[in-house]
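Beneath this line is the structure, given in structure tokens, with notes to follow.
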Amino acid sequence: MTRNLNELQRIVASLKGSGLSVEMMDEGALVQDGDSRVALYAEADEQGGVLVRLHLDLDLYVEEDAIADVLMGMNLMNQGLDYGTLMLDPVEDEDDEERVAFAVLGRSVLWLPDLDGVELNRLREHLRRFETEVTATVERTLQGGKGIKA
């Protein structure tokens, strides 16, 4: 756990040094760029290096009865994503135990063999592309004439 924290702190320091707004959270960090906020988690990989997981909450929610249509649409959107994927994450509704809903999240995993300058630059570029690509794909789909309407 201490190793993961040290790696996360090095990543956070590098991202802050490049001008991004980053703050530590419980087990990860929150990277803010404009209106979007990406959660970042780092953990040591058993085979060496560091796994960095990125989560982008899109503030889109899907009711259980629309899952079939949404999954087909997400499958089509994921085919066009190079730097991330769209996933459904169950959301607990404390007010209504009968209602089941899912949040649409952008997710990505990047393996860094080490945390030198080259790899941290690669992480910054991946982070930028991940956020841009996932957001643009969802906006284009929701506003376009084809695709799903979540």
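Here is a yes/no grid of residues against (1) among the basic types (Lys, Arg); (2) modelled with pLDDT of 90 or more; (3) under 22 Å from Gly34 (Cα atoms); (4) surrounded by fewer than 17 Cβ atoms within 10 Å (Cβ to Cβ):
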{"position": "Val50", "(1), (2), (3), (4)": "no, yes, no, no"}
{"position": "Arg53", "(1), (2), (3), (4)": "yes, yes, yes, yes"}
{"position": "Leu56", "(1), (2), (3), (4)": "no, yes, yes, no"}
{"position": "Val70", "(1), (2), (3), (4)": "no, no, no, no"}
{"position": "Val100", "(1), (2), (3), (4)": "no, no, no, yes"}
{"position": "Leu105", "(1), (2), (3), (4)": "no, yes, yes, no"}
{"position": "Leu127", "(1), (2), (3), (4)": "no, yes, yes, no"}
{"position": "Glu139", "(1), (2), (3), (4)": "no, no, yes, yes"}
- Would you point out which residue out of Leu81, Leu54 is within 30 Å of Glu119 (Cα to Cα) and in contact with a Phe, Trp or Tyr (Cβ under 7 Å, 6 or more places away or on another chain)? Leu54
- Conditions (1) loosely packed, with under 10 Cβ neighbours inside 10 Å; (2) in a strand (DSSP E or B); (3) among the charged types (D, E, K, R): number failed by Glu94: (2)
- Note on the structure: Residues in the range 54-71 that are assigned to a strand (DSSP E or B) and more than 16 Å from Leu81 (Cβ to Cβ) total 5
- Kindly check whether there is at least one residue in the range 1-19 that is exposed (fewer than 15 other Cβ atoms within 10 Å of the Cβ), free of Cβ contacts under 8 Å to residues at least 12 places away in the same chain and within 18 Å of the chain's Cα centre (by Cα). no
- Query: Could you give every pair whose Cβ atoms fall below 7 Å, whose first residue belongs to the range 23-39 and is farther than 16 Å from Arg10 by Cα and part of a strand (DSSP E or B), and whose second residue is of a type in the set (Ser, Thr, Tyr) and at pLDDT 90 or above, counting only separations of at least 6 or pairs across chains?
  - Reply: Gln32/Ser21; Ser36/Thr135
- Task: Provide a single number: the residues in the range 107-122 that are buried (at least 16 other Cβ atoms within 10 Å of the Cβ), touching a residue at least 60 places away in the same chain (Cβ under 8 Å) and closer than 28 Å to Val138 by Cα.
- Result: 2
- Is there a residue being at positive phi and over 18 Å from the mean Cα position of the chain (by Cα) anywhere in the range 69-79? no
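The values are calculated or read from the model by the stated rules, or taken from the named source; none is laboratory data. The shown structure was predicted, so the numbers you read here are calculated from the model rather than taken from an experiment. Backbone-built Cβ (ideal geometry, glycine too); neighbour counts: all protein chains shown.
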